[in-house]
1. Of all residues in segment 212-239, count the ones that are crowded, with 17+ Cβ neighbours inside 10 Å and within 25 Å of residue 125 (Cβ to Cβ).
2. Take residue 202 and tell me if it is in contact with a helix residue (DSSP H, G or I) (Cβ under 7 Å, 6 or more places away or on another chain) and over 23 Å from residue 100 (Cα atoms).
3. Out of segment 89-112, which residues are touching a residue at least 12 places away in the same chain (Cβ under 8 Å), over 20 Å from residue 222 (Cβ atoms) and touching a strand residue (DSSP E or B) at 6+ places or on another chain (Cβ under 8 Å)?
4. Answer yes or no as to whether residue 217 is in contact (Cβ under 8 Å) with a residue 24 or more places away in the chain, farther than 25 Å from residue 128 by Cα and either in contact with a strand residue (DSSP E or B) (Cβ under 8 Å, 6 or more places away or on another chain) or in a strand (DSSP E or B) (or both).
5. If you take the residues of segment 39-53 that are surrounded by 13 or more Cβ atoms within 10 Å (Cβ to Cβ) and touching a helix residue (DSSP H, G or I) at 6+ places or on another chain (Cβ under 6 Å), which of them is nearest to residue 64 (Cα to Cα)?
C-alpha cells in the first residue's frame, strides 16, 4: 500500500466508484473489518447496491487512513462519534492527528482527510428531481432562495444542488449536522468561479475562518468541501486520490469549479 503524507495546510480528497468493485469479493475480503453496529446496519439493507455503498465507504475510510498511519491495519481502526453522530478516530489511536469526513450518493463514495478537525464533504447525485422552490423557501436563507428562484427554471435544479452540497459540507465540518439551521448562513456565487459565505447574527462564525470548494464530479453529481482555516489562517491546498482496488491508489487531477 502506498504511504501517504499530509501537511496541516492540506486537504486530501479520496473517491471510489462502485463499478470498480465486486460486492461478493469485497465481502469476502473486507466484511470482517466492520464493527458490530456497522455489520448490523449492513445486514438490514435489502438491496445489494445499498450494502455495497455502505461497505465501500468503510473500506475507503479504513484503507485511506492506514495509508497515513501504517502502524494500524485497515481492520483495526477504532471510531467514536460525537453527540451529533460525526465519526472520528479514537483518541488512543489518533497519534497522527488525522480527521476525516465521508459522503456517498448513487455510485460515488467520497472522503476528505485532513490534520484539523473541522473538515466536511458532501456529494449528491444531481439528476434526481427536487421540489426546488418548496425546499429553498423552507431551508435556504431569503437571499439564497430569491437568487435561486430568479434563475431560469432549467438552471434552478443545478443551483439547488450547488447550495445543498455547500451547506451540508459546512454543517458536517462543524460536526453538528442539521442542529445548525441552514438559514443561518448564506452563500453567494461571485462571478463564474468564486464563492462567498456570510453568517447572520444567529450563527456565531466568521467567514474568513473558512475555505470552500466545489469540485467537478461528473455531469450528474455535485461535490463540495468545507475546511476551517482556524486562528492560524492557513490557506489549504487540495490533492485528489482514487481507490481503484484494495492495494491500488491512483493520484488524480482536481478540477475546481468554484472556491472561496
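1. Number satisfying all stated conditions: 13.
2. yes
3. 89, 90, 98, 99, 100
4. Taking the combined requirement at face value, the residue does not satisfy it.
5. This residue is 52.
Each value in this text was obtained by applying a stated rule to the coordinates, not by laboratory testing. Since the structure is predicted, the reported quantities are computational estimates derived from the model, not experimental observations. Reconstructed Cβ throughout: ideal geometry from the backbone, glycine too, with neighbour counts over all protein chains shown.
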